Amino acid sequence: VSPWSFTIPSASTVLENNRTYTFKAGAKDKSGNNEDPTAKLATSIIFDNANPTSVSTGPVSGSTITAITNVSGTAADNQKLQKVDLQLKNTDTGLCWSGGAWLSCASPWFNVVSGLASTTANWNYNVTGAITTSGHFTAQARATDSVNQPENPLGAAINFVFDNIAPTSAITTPPGVA
């Protein structure tokens, strides 16, 4: 048995995106005997060089909100989506939500939905317990397709202000006035 390989030169210019290609291998020995055609190995692939996309849709970018339950959005791919990750950042503190706590942004992404097997998905992440203090926040989604190809470039992030502090007022009078 002799190992062999074949490299397609500049696959992205030779192969057509979103098309199925079948590769077959057959053997011929030094005596000129050919492998039985029914025994040939074959494998099929779908060439996919299109990146998935995602859009964060809620809350509305640029808004100031007094209550928040979810961050949401959509994702799409020409083949199949695998997952959507989210980066939720408190821009006042510089900390990122890990899915369970506010930490440094060394690993800012956490998974919000996985196991997808469709070309489009709506996603929703419940932030109750995550966003409890007033501040400025950024939410950014990143989709990954079924061949583990991440979204690149990333779609637009949403920026919003969460303000849950009630205003206060006071009445003051000049000294000596009752």
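The values are calculated or read from the model by the stated rules, or taken from the named source; none is laboratory data. Everything quoted here is computed from the prediction, not taken from an experiment. Here the Cβ positions follow ideal geometry from the backbone for every residue, glycine too, while neighbour counts run over all protein chains shown. Keep in mind that these areas ignore ligands, DNA and RNA; they rest on the heavy atoms of the full protein, side chains included. Shrake-Rupley method; radii C 1.70, N 1.55, O 1.52, S 1.80 Å.
I'm trying to understand the selection: among the residues of region 1-31, which are touching an Asp or Glu at 6+ places or on another chain (Cβ under 8 Å) and part of a loop (DSSP other than H, G, I, E, B)?
Those that are touching an Asp or Glu at 6+ places or on another chain (Cβ under 8 Å) and part of a loop (DSSP other than H, G, I, E, B): N17, N18, G26, A27.
Need the failing condition index for T132 against (1) modelled with pLDDT of 95 or more; (2) surrounded by fewer than 21 Cβ atoms within 10 Å (Cβ to Cβ); (3) β-branched (V, I, T), just the number.
Checking T132 against (1) modelled with pLDDT of 95 or more; (2) surrounded by fewer than 21 Cβ atoms within 10 Å (Cβ to Cβ); (3) β-branched (V, I, T), the one that fails is (1).
Would you call A139 open to solvent by 60 Å² or more (accessible area, probe 1.4 Å) and under 30 Å from N49 (Cβ atoms)?
no
Do you know which residues across region 113-129 are within 27 Å of D77 (Cβ to Cβ) and open to solvent by 80 Å² or more (accessible area, probe 1.4 Å)?
Answer for region 113-129, where residues must be within 27 Å of D77 (Cβ to Cβ) and open to solvent by 80 Å² or more (accessible area, probe 1.4 Å): T120, N122, N124, N126.
Only one residue in I8, I65 is hydrophobic (A, V, I, L, M, F, W, C) and either in contact (Cβ under 8 Å) with a residue 40 or more places away in the chain or touching a Ser or Thr at 6+ places or on another chain (Cβ under 6 Å) (or both), so which one is that?
Selected residue: I65, the only one of I8, I65 that is hydrophobic (A, V, I, L, M, F, W, C) and either in contact (Cβ under 8 Å) with a residue 40 or more places away in the chain or touching a Ser or Thr at 6+ places or on another chain (Cβ under 6 Å) (or both).
When you go through (1) without any contact (Cβ under 8 Å) to a residue 60 or more places away in the chain; (2) touching a Phe, Trp or Tyr at 6+ places or on another chain (Cβ under 8 Å); (3) not acidic (D, E) one by one for N17, which number turns out not to apply?
Looking at each condition in turn, N17 falls short on (1).
Residues in region 85-105: is at least one touching a residue at least 40 places away in the same chain (Cβ under 8 Å), acidic (D, E), exposed (fewer than 15 other Cβ atoms within 10 Å of the Cβ) and not in a strand (DSSP E or B)?
Yes, region 85-105 contains a residue that is touching a residue at least 40 places away in the same chain (Cβ under 8 Å), acidic (D, E), exposed (fewer than 15 other Cβ atoms within 10 Å of the Cβ) and not in a strand (DSSP E or B).
Yes or no: region 23-33 includes at least one residue that is closer than 30 Å to D85 by Cα, among the hydrophobic types (A, V, I, L, M, F, W, C) and in contact (Cβ under 8 Å) with a residue 12 or more places away in the chain. Working first, answer last.
Let us first name the residues in region 23-33 that are closer than 30 Å to D85 by Cα, namely none.
Looking for residues that are closer than 30 Å to D85 by Cα, among the hydrophobic types (A, V, I, L, M, F, W, C) and in contact (Cβ under 8 Å) with a residue 12 or more places away in the chain, one finds none in region 23-33, hence no.
Answer yes if at least one residue in region 151-159 is open to solvent by less than 30 Å² (accessible area, probe 1.4 Å), in contact with an Asp or Glu (Cβ under 8 Å, 6 or more places away or on another chain), within 26 Å of I45 (Cα to Cα) and of a type in the set (D, E), and no otherwise.
No - not one qualifying residue is present in region 151-159.
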